[in-house]
1. How far apart, in nm, are the 7 Å Cα→Cβ label points at residue 76 and residue 325?
2. Within a 10 angstrom radius of the beta carbon, how do 296, 263 rank from fewest other beta carbons to most?
3. Just order 73-79, 301-307 by mean Cβ neighbour count inside 10 Å, highest at the front, would you?
4. Using the basic label-point model (7 angstrom from Cα toward the beta carbon), what is the residue 151 to residue 100 distance in nanometres?
5. Along Cα→Cβ, 7 Å out, is where each label goes; now give me the distance between the ones at residue 291 and residue 169 in nm to one decimal.
6. Tell me, what is the FRET efficiency for residue 51 and residue 268 to the nearest 0.05, using R0 = 51 angstrom and their Cβ-Cβ distance as r?
7. Can you tell me the length gained on complete extension of the stretch residue 83 to residue 194, counting 0.36 nm per residue apart and subtracting the Cα distance?
């Protein structure tokens with residue numbers, strides 16, 4: 001028979017006296033990896049063992065693999081106070097998560113964001129040494145790292161950073177191309193996120209790379225791809241071998257003569273180029289996909305717009321990734337103020353929806 005004290009035993013006492021159940025760390029990692037970012041951040045402060053799991057390399061890699069398929073990165077500048085706010089969200093919709101706030105004093109500043117395997121490389125300011133800031137962020141953990149400036153032979157230079165992932169070594173790397181004003185000398189450096197160090201490389205360049213499309217690159221097959229302006233070719237830098245090469249764009253229907261406005265894009269994990277010179281004439285946009293990278297086989301896909309491309313604000317592919325979706329945004333300045341139309345296309349390249 002229970003005593004009165006036993007009958008009046010508090011639920012908390014029963015919980016403390018109950019046997020503890022432990023789960024394998026792999027199961028806990030899998031559960032955490034499916035939770036929203038806000039929940040993961042709260043759990044970090046509840047338990048030392050959970051903090052250890054969340055901060056460990058295996059969980060980071062698991063979270064990166066999931067983020068590669070689902071994450072969105074959004075940058076918004078508050079014109080009132082000059083602060084720039086960074087957010088992350090899901091391709092499936094829902095609320096966004098505020099990552100951080102940056103004080104950006106320059107009104108007419110350039111911003112570029114490149115993503116690779118769950119991390120985001122975000123640059124703001126301009127191309128000059130003193131005003132160029134690059135951050136590497138992990139949207140899943142809210143952690144970020146400010147990239148140190150490389151040490152070059154001349155302080156009077158402009159610089160460009162390009163983000164990629166070396167699958168052979170399982171590490172993120174940043175390709176830096178710096179050019180001095182006085183001598184037009186070009187220096188190539190690599191920054192590795194595994195040791196947080198710059199290293200200068202002496203490498204043969206197949207062409208003059210002084211005229212590149214700054215801030216726009218695509219990493220496929222552990223290779224960073226840049227669009228050259230003259231000649232109209234793709235410059236490829238292999239992060240595994242530290243070597244440059246050239247990828248020819250398709251020679252079909254006088255592509256080089258008719259399509260001078262070309263942008264690199266990554267869709268479904270493949271390299272692609274978007275041609276948008278003649279969209280207004282046919283209300284359609286061509287995207288060439290490098291279906292077979294080794295054999296250089298290009299396949300053309302066509303996006304047909306549901307309405308007038310001009311009246312929709314001349315939407316242009318803004319970003320994509322390892323999924324089959326391509327996000328569009330108006331290319332006209334007035335469209336940003338008038339509406340927030342964003343289009344989403346997926347294979348076989350048809351418009352899914354447009355919303356305001």
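1. About 1.8 nm separates the two model spin labels.
2. Least crowded to most crowded, the residues run 296, 263.
3. The most tightly packed comes first, giving 301-307, 73-79.
4. Going by the 7 Å Cα→Cβ label model, 2.5 nm.
5. So the two model labels end up 3.5 nm from each other.
6. 0.90
7. Extending this stretch completely gives an extra 36.9 nm.
All of the numbers you see were taken from the coordinates with simple rules; none came from a lab. Note that this is a predicted model, so its numbers are computed, not measured. Note that each Cβ is placed from the backbone with ideal geometry, even for glycine, and that neighbours are counted across all protein chains shown.
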